[in-house]
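J.: Pasting in a structure now, in structure tokens, and then I'll have a few things to ask.
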Amino acid sequence: MTHPKQKKCAVCGGKFAQWNSLHRACSTRCALELGRKMLQRKSEQERKAWVRKKKAELKPRSKVLKEAQAEFNKFIRLRDRDRPCISCGSYTAGQYHAGHYRTTKAAPELRFEELNCHKQCAQCNNFDSGNIVEYRISLIQRIGQEAVDWLEGLHAPKKYSIDDLEAIKAHYRKQNRELERKAA
């Protein structure tokens, strides 16, 4: 058995056994010092950009999906702000949601489909299981029978990558800013 080649520590200069190609310091203390030195070389803006990038790389797909869904839902509520609940026709509900006609569990490929999602009061969305019969009647009046038939049909499955979700989030964030600007 061969022993790992002895390398020189990038901080203190001591010798240590390098176990992989990324190993550049002899101890945890030297590794922390090396990290501090690398960060001190960068300007404040570069350091902040580097930290943001590293945090984004560590963010799991589920969190990015949740953020993209939040931006999409906000867009739906802003888009339909002057309309009543699609299910019951109420204008007086305390809280409104972005209610999906085909749920995200039943049809995840329609999660970000604007035709599939409309403003819905919390009562209909949460407690009446979407009030789906009334939702369908109003949906046909709003988007037409052909579009409803398309929503109810089969769709190719989609697996959104983190980059796809970041693009969706950025798109709807931009749309939300425009809608908020128009409303003000």
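J.: Of all residues in the range 73-95, count the ones that are polar (S, T, N, Q) and either under 26 Å from the mean Cα position of the chain (by Cα) or crowded, with 17+ Cβ neighbours inside 10 Å (or both).
T.: Selection size over the range 73-95: 3.
J.: On the given criteria, is Lys55 outside the structural domain of Gly153 (by TED's automatic domain parsing), of a type in the set (D, E, K, R), surrounded by 10 or more Cβ atoms within 10 Å (Cβ to Cβ) and under 30 Å from Glu178 (Cα atoms)?
T.: no
J.: Which numbered condition trips up Thr92, out of (1) among the polar types (S, T, N, Q); (2) modelled with pLDDT under 85; (3) in a helix (DSSP H, G or I)?
T.: Among (1) among the polar types (S, T, N, Q); (2) modelled with pLDDT under 85; (3) in a helix (DSSP H, G or I), the lone unmet condition for Thr92 is (3).
J.: Any residue in the range 172-184 that is touching a residue at least 40 places away in the same chain (Cβ under 8 Å) and hydrophobic (A, V, I, L, M, F, W, C) sitting within a Cβ distance under 6 Å of a residue that is assigned to a helix (DSSP H, G or I) and surrounded by 10 or more Cβ atoms within 10 Å (Cβ to Cβ)? List the pairs, counting only those 6 or more apart or interchain.
T.: From the range 172-184, the pairs are Leu179/Leu78.
J.: Look through the range 9-42, keep the residues that are basic (Lys, Arg), over 35 Å from the mean Cα position of the chain (by Cα) and surrounded by fewer than 13 Cβ atoms within 10 Å (Cβ to Cβ), and return whichever of them is modelled with the lowest pLDDT.
T.: Taking the candidates together, the pick is Lys15.
J.: Quick one: how many residues across the range 159-184 are surrounded by fewer than 14 Cβ atoms within 10 Å (Cβ to Cβ) and within 24 Å of Ala106 (Cβ to Cβ)?
T.: 2
J.: Residues to consider are Ala106, Ala70, Ala147, Ala156; find the one that is closer than 22 Å to Ala183 by Cα, assigned by TED's automatic domain parsing to the domain that holds His171 and loosely packed, with under 15 Cβ neighbours inside 10 Å.
T.: Of the residues listed, the single one that is closer than 22 Å to Ala183 by Cα, assigned by TED's automatic domain parsing to the domain that holds His171 and loosely packed, with under 15 Cβ neighbours inside 10 Å is Ala70.
J.: Would you mind stating whether Ala170 is in contact with a helix residue (DSSP H, G or I) (Cβ under 9 Å, 6 or more places away or on another chain) and within 17 Å of Glu71 (Cβ to Cβ)?
T.: So Ala170 fits the description; yes.
J.: Looking at the structure I just gave you, is Ile162 over 26 Å from Cys88 (Cβ atoms) and aliphatic (A, V, I, L, M)?
T.: yes
J.: Exactly one condition in (1) of a type in the set (D, E, K, R); (2) outside any helix (DSSP H, G or I); (3) more than 30 Å from Ala56 (Cβ to Cβ) is not met by Lys158; state its number.
T.: (3)
J.: Scan the range 71-83 and give yes if some residue there is under 30 Å from Phe112 (Cα atoms), part of a helix (DSSP H, G or I) and of a type in the set (Asp, Glu), otherwise no.
T.: yes
The values are calculated or read from the model by the stated rules, or taken from the named source; none is laboratory data. This structure is a prediction, so every number in the text was calculated from the model and none was measured. Because the Cβ atoms are built from the backbone with ideal geometry, glycine has one as well, and the counts that use them run over all protein chains shown.
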